[in-house]
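Colleague: Sharing a structure, written as structure tokens. Questions coming.
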Amino acid sequence: ERCQPLSRKGINTTAGQRQQVDAQAKQVLEDLEMPLARRKSETLFQEQPETGNQYLEDALLRSYLKTHLPPKVLEEVNQDLERFGNRLLTQIKPLGWECELNPPVFRQYDAWGRRVDHIVTCSAWRRMKEIAAEEGLIAEAYERRYSNWSRLHQAVKLYLFSSSSGGFNCPLAMTDGAAKVIESLGIPGSLKNAFDRLTSRDPKKFWTSGQWMTERRGGSDVANGTETVAKKQPDGTYRLYGFKWFTSAADSDVTLTLARVADAEGQVKQGSSGLSLFFLKVRDEEGKLNSIQVQRLKDKLGTRQMATAELWLDGAPAELVPFVPRCFQISAEGRGVVSISNMLNITRIHNVIGAVASMRRMISLSREYARRRVAFGKFLKDHPLHMQTIARMEVQTRGAFLLFMETVRLLGLVETNMASEEDQLLLRLLVPVAKLYTGKQASAAVIEGMESFGGQGYMEDTGLPVIVRDALVLSIWEGTTNILSLDVLRSLSKSRGQAMAVFFSAVQKKLELASSTAKLEPAVKQMQDAISGLAQFMEGAGSRGVETMELAARDFSYTLARIYAGALLIEHAARPDASSTDISAARRWCNQELCPVARESGNRSYEAEEALADSALVYEGCPAG
């Protein structure tokens with residue numbers, strides 16, 4: 001939609017296509033008549049797909065901003081994003097590729113045998129940090145120049161930045177999360193300098209933050225997996241002792257981490273109530289690691305541009321982060337999980353941003369390639385089956401995009417105290433739903449997109465495998481699909497059913513906007529049927545046991561994602577200036593199975609006997625035990 005016609009010498013996509021194909025075939029024959037020595041050095045006769053300004057080429061993004069932003073805000077944001085799109089193309093994209101080609105290296109000892117534990121990053125990676133500060137990729141959300149729309153402005157810039165960032169979007173996610181935690185605590189005096197640096201636009205002052213949660217015994221299970229101990233010192237500070245198994249962006253300036261405070265006898269309290277949150281600087285004033293040893297860098301499938309390490313904390317000096325509920329301060333000990341929740345919300349939203357950005361990037365390249373590549377006598381774009389495949393990817397990406405934007409919109413309202421109680425409940429529900437669903441969508445979309453290039457998609461130097469590798473982690477980072485599905489159930493339980501009431505109400509309001517749009521009637525009807533199926537499932541939820549609901553958690557979360565994204569697509573297609581493409585996307589989205597939880601419930605997939613059958617199926621033929 002709204003792509004500029006291909007204009008290259010010798011190619012006409014609107015007339016004379018057969019002559020063009022014949023000319024290309026003739027050229028290939030002439031090339032084959034070259035001397036053998038020259039032919040051996042010739043490259044593949046295919047054109048590289050080239051995309052332009054990402055912002056200007058993203059019709060859905062621009063139409064969304066036009067619909068939702070106030071005119072004055074839209075004018076300024078539009079200018080900033082167009083400028084940023086040009087900078088991405090000319091400066092940031094080449095740096096991102098340099099980061100991929102020059103991953104971090106761990107140098108444990110210097111030439112004289114002294115242990116230095118130095119993580120060496122390339123100049124492009126360090127330049128990315130400077131650009132992040134210059135562009136206010138963290139600051140924008142906390143300056144609040146545009147009130148509740150500031151968070152959305154920041155998220156859009158991160159969305160455009162993500163696929164060209166060379167992996168630097170990950171440290172930015174944790175930096176944003178750390179800033180959010182400190183802000184939510186009222187910016188305690190001891191952490192004000194850290195907050196100012198985390199949200200600075202000055203490259204010389206800007207800090208990035210880590211998020212050191214994962215230890216040897218657990219990933220998401222921090223309550224039982226955290227072994228790190230904090231020992232209080234006479235001056236009120238703490239020293240941390242423990243092993244952090246997986247620390248992303250290990251070259252960051254500061255970090256937030258969990259540990260158990262030891263009492264006078266050296267005993268610690270187990271479980272989540274024994275966890276406290278600590279802030280620590282990674283290096284001292286001389287630039288040396290602060291009683292931290294690097295065990296090794298992780299050898300990962302993707303995100304190789306970023307240093308992920310195993311770290312020993314051997315008396316690392318740290319500050320206990322205070323817990324401030326509303327207007328009074330209480331002891332921070334044992335409040336680590338509560339305090340860190342704000343960070344997890346932010347990093348999960350960043351995960352959504354990365355997922356949607358990877359989908360959009362792969363589709364942009366796929367559709368451009370389809371306008372250039374000739375196969376079986378015509379361009380790929382003129383093969384109906386090929387275009388159907390890309391169109392299906394586009395529909396999924398549109399649903400994911402609107403789900404992402406809705407989550408960020410709600411976050412902006414909450415951060416500026418403009419959110420209703422319903423908005424807050426909806427945000428709590430949508431964050432895990434959006435994260436788990438877009439993570440799975442991204443994996444499927446980028447693999448499908450890679451296939452659309454044929455064998456070229458499998459070649460490392462095209463950059464396409466990088467997109468695939470980096471996207472595959474998005475269903476794992478910040479909680480796997482199953483972990484987040486269970487978190488969705490927790491959000492419903494804690495709200496005592498209010499969250500689902502808000503969900504149904506929000507969906508119905510969006511569908512009502514399409515009541516006068518005849519072309520959307522089939523989609524609205526399919527949505528209403530799905531809502532009825534979900535409501536019927538919820539009516540029987542109270543009589544189901546905990547294990548039954550746990551078995552249904554993934555299908556239930558998928559149902560929420562598909563129904564809400566469908567409502568958003570219908571809402572967008574019901575605009576007065578909506579395009580035929582907007583309507584088509586909404587209708588196609590609603591053609592899929594919108595309520596898998598109702599289908600599987602009807603098939604008795606969540607019964608206790610089925611759980612036993614699942615285990616028997618998985619472990620058939622395995623030794624007992």
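The values are calculated or read from the model by the stated rules, or taken from the named source; none is laboratory data. Note that the structure is predicted; figures quoted are calculated from it, not measured. A quick note on method: Cβ atoms are made from the backbone with ideal geometry, for glycine too, and the neighbour counts reach across all protein chains shown. Side chains are part of the model used for accessible areas, which takes the heavy atoms of the whole protein and leaves out ligands, DNA and RNA. Shrake-Rupley method; radii C 1.70, N 1.55, O 1.52, S 1.80 Å.
Colleague: Hey, if you put +1 on the Cβ of every Lys and Arg and -1 on every Asp and Glu Cβ in the chain, which of S165, P322, Q592 ends up farthest toward the positive end of that dipole?
Modeller: S165
Colleague: Between K509 and L301, what is the FRET efficiency for a Förster distance of 56 Å, r being their Cβ-Cβ separation, to the nearest 0.05?
Modeller: The pair K509/L301 has a calculated efficiency of 0.85.
Colleague: Rounded if a/c is under 1.5, else prolate if a/b is larger than b/c, else oblate: which is the chain, with a ≥ b ≥ c the root eigenvalues of its Cα gyration tensor?
Modeller: Oblate, since a/c reaches 1.5 and b/c is not below a/b.
Colleague: Sticking with this structure for a sec: Taking square-rooted eigenvalues a ≥ b ≥ c of the alpha carbon gyration tensor, is the stretch 59-199 rounded, prolate or oblate, where a/c under 1.5 means rounded and, failing that, a/b exceeding b/c means prolate?
Modeller: oblate
Colleague: Taking the stretch 290-395, which chymotrypsin sites (Phe, Trp or Tyr not before Pro) meet the DSSP loop condition and have no more than 12 other C-beta atoms within 10 Å?
Modeller: F328, F376
Colleague: Is there a quick way to get the dipole size of the chain? I mean about its Cα centre, with the Cβ of Lys and Arg at +1 and of Asp and Glu at -1; what is the value in debye to the nearest 20?
Modeller: 880
Colleague: Another question, if that's okay. Put +1 on the Cβ of each Lys and Arg and -1 on the Cβ of each Asp and Glu in the chain; which of A501, I187, G479 then has its Cα farthest toward the positive end of the dipole?
Modeller: Positive-end residue among those listed: I187.
Colleague: Mind listing which trypsin sites (Lys or Arg not before Pro) in the stretch 264-371 are in a DSSP loop and have 11 or fewer other Cβ atoms within 10 Å?
Modeller: R326
Colleague: I would also like to ask the following. Which whole-number value in Å² is the accessible area per residue of the stretch 209-336, probe 1.4 Å?
Modeller: For the stretch 209-336, the per-residue accessible area is 46 Å².
Colleague: Now, a different point. Which one, S123, L152, A178, projects farthest toward the positive side of the charge dipole computed for the stretch 105-204 from Cβ point charges (K/R +1, D/E -1)?
Modeller: It is S123, whose Cα lies furthest towards the positive end.
Colleague: Assuming a ≥ b ≥ c are the square roots of the Cα gyration tensor eigenvalues, decide whether the stretch 453-579 counts as rounded (a/c under 1.5), prolate (otherwise, with a/b larger than b/c) or oblate.
Modeller: Cα axes put the stretch 453-579 in the oblate bin.
Colleague: Below 8 Å, C-alpha to C-alpha, sequence gap of six or more: please give me the relative contact order for the stretch 472-625 in percent.
Modeller: 29
Colleague: Let me ask another. Only helices at least 30 Å long along their own axis, judged from Cα atoms, and with Kyte-Doolittle mean hydropathy of 0.0 or greater: name those in the chain from DSSP H.
Modeller: In the chain, the long hydrophobic H runs are 336-370, 384-415, 421-451, 546-573.
Colleague: Which trypsin sites (Lys or Arg not before Pro) does the stretch 527-625 hold that lie in a coil by DSSP with at most 11 other beta carbons within 10 Å?
Modeller: Sparse-neighbourhood loop trypsin sites (Lys or Arg not before Pro): R604.
Colleague: Cβ neighbours within 10 Å, averaged per peptide: list 239-249, 225-235, 109-119 in order, most packed at the top.
Modeller: 239-249, 225-235, 109-119
Colleague: Please get the size of the charge dipole for the stretch 209-336, origin at its Cα centre, with Cβ charges of +1 on Lys and Arg and -1 on Asp and Glu, quoted in debye to the nearest 20.
Modeller: The calculated dipole for the stretch 209-336 is roughly 340 debye.
Colleague: I would also like to ask the following. Report, in whole Å, the centroid distance computed from the Cα atoms of the stretch 159-212 and the stretch 460-518.
Modeller: 25
Colleague: Now, a different point. Could you please state how large a percent of the accessible area of the stretch 59-199 is carbon and sulfur, counting protein chains only and using a 1.4 Å probe?
Modeller: The C+S portion of the solvent-accessible surface of the stretch 59-199 is 52 percent.
Colleague: Can I ask one more? Treat every Asp and Glu Cβ in the stretch 517-625 as -1 and every Lys and Arg Cβ as +1, leave all other atoms uncharged, and give the resulting dipole magnitude about the Cα centre to the nearest 20 debye.
Modeller: Dipole about the Cα centre, nearest 20: 540 debye.
Colleague: I'd like the Kirkwood hydrodynamic radius of the stretch 37-140, using the inverse of the mean 1/r over distinct C-alpha pairs, in Å.
Modeller: Its Kirkwood hydrodynamic radius stands at 17.8 Å.
Colleague: Follow-up. Would you mind putting 418-431, 175-188, 486-499, 126-139 in packing order, based on average other-beta-carbon counts within 10 Å, highest first?
Modeller: Those peptides, ordered most packed to least, come out 175-188, 126-139, 418-431, 486-499.
Colleague: Go through the stretch 246-253 residue by residue and turn each phi into a ³J(HN,Hα) via Karplus (6.51, -1.76, 1.60, θ = phi - 60°); whole Hz please, and just put x for glycine and proline.
Modeller: Karplus-based 3J(HN,Hα) across the stretch 246-253 equals 8, 10, 6, 6, 5, 8, 5, 7 Hz.
Colleague: A further question follows. Based on the mean of other Cβ atoms within 10 Å per residue, sort peptides 465-471, 399-405 so the most packed one is first.
Modeller: Descending packing order for the listed peptides: 399-405, 465-471.
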